[in-house]
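Chemist: Let me give you the structure first, and then I'll get to my questions.
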Amino acid sequence: MKVALSIAGSDSGAGAGIQADLKTFSALGVYGCTAITALTAQNTKKVAEIHEVPAGIVEAQVTSIMTDLPPAAIKVGMVYSREIIGAITKSLKHARAPIVLDPILAAGTGAKLLRDDALDLFVSRLIPLATLVTPNRMEAEKLSGVRIRSEGDGVEAAKKLRALGAKNVIVKGGHFGKKTVTDILLLDNSSKVTEITNPRVVDIKESHGSGCNFSAAATAYLARGLALEEACRLANEYVHDAIKNAVTVGKGLPVTNPLSAIYKDAMRHRVLAELQAAVDRLVSLEGFYRLVPETQTNFAYALPDASSHSEVAAVRGRIARAGNAAVQVSRVEFGASRHMASAVLAYMSIRPSTRAVANIRLDPAILAAFRSLFEVSSYDRSKEPQDVKRKEGSTISWGTKAALSKNPEAEVIYHEGDVGKEPMITVFGRNPAEVVYKIEQVLKIC
């Protein structure tokens, strides 16, 4: 495993600094080491206190890592004082690993994280050491003296920073379009300007930790051996996702979530595995083939907080009846059933913990069995409003909500069909195993 070193301050609120860097390193598959430059007492609202770590201790931390766990890439974040800048410069003067310098001048809440008397030394000592400097728009203005109001200004600021000794510069977060955010990357000894543009996350005007997450991600990708431009592109994608999935854990700024991608990937794998196990169990139930409707059965399972059909897994090609057996036609995958996804998303909008659903044929005996065991509700497709009917795929969502409005505890919802529409029962559960359990109990009595 590659090692990455973060030389930065500690954030007691864990949204930025060393804590954010370690989360990012872990999420991106590198082993994170640290050298702490300052202890901050801060939360999502403000920085209350700063305690500077003695320069000798900072140097000793860096030396300890360099001599035993030589990093494949190094990030420098909050340095705070002239003394600490001197210690870092001394410790890294012979480093061969790429160095990512994140110019931490102030916290998002406004507190100064670099003393005024240290700015000149920051520019003269640390910028020339850097393989990549990653200022945001305000930091780039402060360091370059260029007022950034356009993409051209961003390019000019990047050139000024490169003239100060930085090999590569990326100026982050330029709001040059109403709906986009653009990072401007200027590569070593090149006049080529690379623009990395993302849609603006409109729900979040500012978040805590995004700058630290970006520089740490770029460091991690460089440690893994990626070329610098690719490292910046991937870091940009990573942070965009972390901002979209920012969490509100305090009363101040939302905190970027550097682990959102790994959580999402793990949950997608878990959803697919649980659904497939439940499908295997369902098709093996004695007599289940009798419950498969003419339009066949499908089985769906949504991610927590799912909001679109692409975040709901189902059986591609459905579950079909083959003689006296039920057969899974194809694999389970996300986005495989719009109808079942509509049903479970509608249900989740009212009861979020219920994330699984399967459909079976409507039969009086089957319905009676469900009524004897579980809460049941229904809707009448003939009463569907015309504006809903005209919108493709809206009927199931409308019907599910209508049934729940009649009985909010309903675990089973049915309708008696309409012109060209087969009558159907949908069975809901918190997870696929619970849906299978309910169907199994019904099969025992009918």
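Chemist: Residues of the chain: accessible area per residue at 1.4 Å, in Å²? Show your work: numbers first, answer last.
Modeler: Numbers: 20270 Å² over 446 residues.
Per-residue accessible area for the chain comes out at 45 Å².
Chemist: Roughly what percent of Cα-Cα pairs across segment 110-157 reach past 12 Å?
Modeler: For segment 110-157, the fraction of Cα-Cα distances above 12 Å is 68 percent.
Chemist: Let me ask something additional. Which net charge results for the neighbourhood of residue 116, defined as the other residues with beta-carbon distances under 15 angstrom from its beta-carbon, given Lys and Arg at +1 and Asp and Glu at -1?
Modeler: Charge balance in the 15 Å sphere: -1.
Chemist: When the helices in the chain are scored as -39500 (n - 2.57) per DSSP H run of 4 or longer and the sum is shared across all residues, what 222 nm value do you end up with, to the nearest 500 deg cm²/dmol?
Modeler: Values: 13 runs with 163 residues, N = 446.
Computed ellipticity for the chain at 222 nm equals -11500 deg cm²/dmol.
Chemist: In nm, to one decimal, how far is the modelled label at residue 353 from the one at residue 201, with both set 7 Å along Cα→Cβ?
Modeler: Distance between the two pseudo-spin positions: 2.8 nm.
Chemist: Can you give the local net charge around residue 262? Use residues other than it whose beta-carbon is closer than 12 angstrom to its beta-carbon, Lys and Arg +1, Asp and Glu -1.
Modeler: Taking every Cβ under 12 Å from that of residue 262, the sum is +1.
Chemist: Cα axis of helix 210-223 to longest principal axis of the chain: angle in degrees, 0 to 90, nearest 10?
Modeler: 80
Chemist: Another question, if that's okay. So how much slack lies between residue 52 and residue 441, counting 0.36 nm per residue of separation and subtracting their Cα-Cα distance, in nm?
Modeler: Taking 0.36 nm per residue and subtracting the Cα distance, the gain is 133.5 nm.
Chemist: Over the Cα atoms, compute the radius of gyration (one decimal) and Dmax (the largest Cα-Cα distance, rounded to a whole number) for segment 368-446, in Å.
Modeler: 13.5, 41
Chemist: How many nm is it between the label spots at residue 69 and residue 180, if each spot is 7 Å from the Cα in line with the beta carbon?
Modeler: If labels sit at residue 69 and residue 180, their model points lie 4.0 nm apart.
Chemist: Taking every pair of distinct Cα atoms and averaging 1/r, then inverting, what Kirkwood hydrodynamic radius in Å comes out for segment 84-126?
Modeler: 11.6
Chemist: Using label points projected 7 Å from each Cα along Cα→Cβ, tell me how many nm separate residue 164 and residue 244, to one decimal.
Modeler: It is 3.3 nm.
Chemist: When the expected Rg is taken as 2.2 N^0.38 Å, what fraction or multiple of it is the alpha-carbon Rg of segment 256-347?
Modeler: Values: Rg = 14.4 Å, N = 92, 2.2 N^0.38 = 12.3 Å.
For segment 256-347, the normalised Cα radius of gyration comes out at 1.17.
Chemist: Please list log₁₀ I(q)/I(0) at q = 0.16 Å⁻¹ for segment 35-112, using the Debye equation with identical point scatterers on the alpha-carbon positions.
Modeler: So the normalised log intensities work out to -0.62.
Chemist: Averaged over every viewing direction, what's the projected area of the C-alpha convex hull for the chain? Give it in nm², one decimal, please.
Modeler: Result: 25.6 nm².
Chemist: Determine the sum of side-chain charges near residue 10: Lys and Arg each +1, Asp and Glu each -1, restricted to other residues whose C-beta is under 13 angstrom from that of residue 10. Don't jump to the answer; show the numbers that get you there.
Modeler: Values: positive: none; negative: 11, 21, 49, 52.
Summing Lys and Arg as +1 and Asp and Glu as -1 gives -4.
Chemist: How many percent of the alpha carbon pairs in segment 303-424 exceed a separation of 20 Å?
Modeler: Cα-Cα pairs of segment 303-424 separated by over 20 Å account for 48 percent.
Chemist: State the percent of C-alpha pairs, over all pairs in segment 197-248, separated by a distance greater than 18 angstrom.
Modeler: Every Cα pair in segment 197-248 considered, those over 18 Å come to 31 percent.
Chemist: Looking at this model, which pairs from 172/244; 23/172; 23/264; 142/172; 23/93 are more than 24 angstrom apart at the alpha-carbon?
Modeler: The answer is 23/93.
Chemist: Taking only C-alpha pairs under 8 Å that are 6+ residues apart, what is the relative contact order of segment 308-441 in percent?
Modeler: On the way: 224 pairs, mean separation 32.4, N = 134.
Relative contact order, segment 308-441: 24 percent.
Chemist: Could you pull the Rg and Dmax for segment 327-383, using just the Cα atoms, both in Å?
Modeler: When restricted to the Cα atoms of segment 327-383, Rg and Dmax are 13.8, 36 Å.
Chemist: Please give the length that would be gained between residue 111 and residue 365 if that part of the chain were fully extended, namely 0.36 nm times their separation in residues minus their C-alpha to C-alpha distance (nm, one decimal).
Modeler: 84.5 nm
Chemist: Moving on. Work out, in µm²/s and without decimals, the Stokes-Einstein translational diffusion coefficient of segment 138-210 at 10 °C, 1.306 mPa s, Rh from Kirkwood over C-alpha pairs.
Modeler: 125
Chemist: Within the accessible area of segment 324-397, what % is carbon and sulfur when the probe is 1.4 Å and the other protein chains stay in place?
Modeler: Percent of accessible area from carbon and sulfur atoms in segment 324-397: 49.
Chemist: Which semi-axis lengths, in whole Å and largest first, follow from the square roots of five times the eigenvalues of the Cα gyration tensor of segment 213-308?
Modeler: So the equivalent ellipsoid measures 41, 18, 11 Å along its semi-axes.
Chemist: On to the next question. Would you mind calculating the relative contact order of the chain from Cα pairs under 8 angstrom and at least 6 residues apart, reporting the percent as a whole number?
Modeler: 10
The values are calculated or read from the model by the stated rules, or taken from the named source; none is laboratory data. Treat the numbers as computed from the prediction; the structure is a model and nothing was measured. Cβ sites come from the backbone with ideal geometry, for glycine too, and all protein chains shown count toward neighbours. Calculation scope for accessible area: heavy atoms of the full protein, side chains included, ligands and nucleic acids excluded. Shrake-Rupley method; radii C 1.70, N 1.55, O 1.52, S 1.80 Å.
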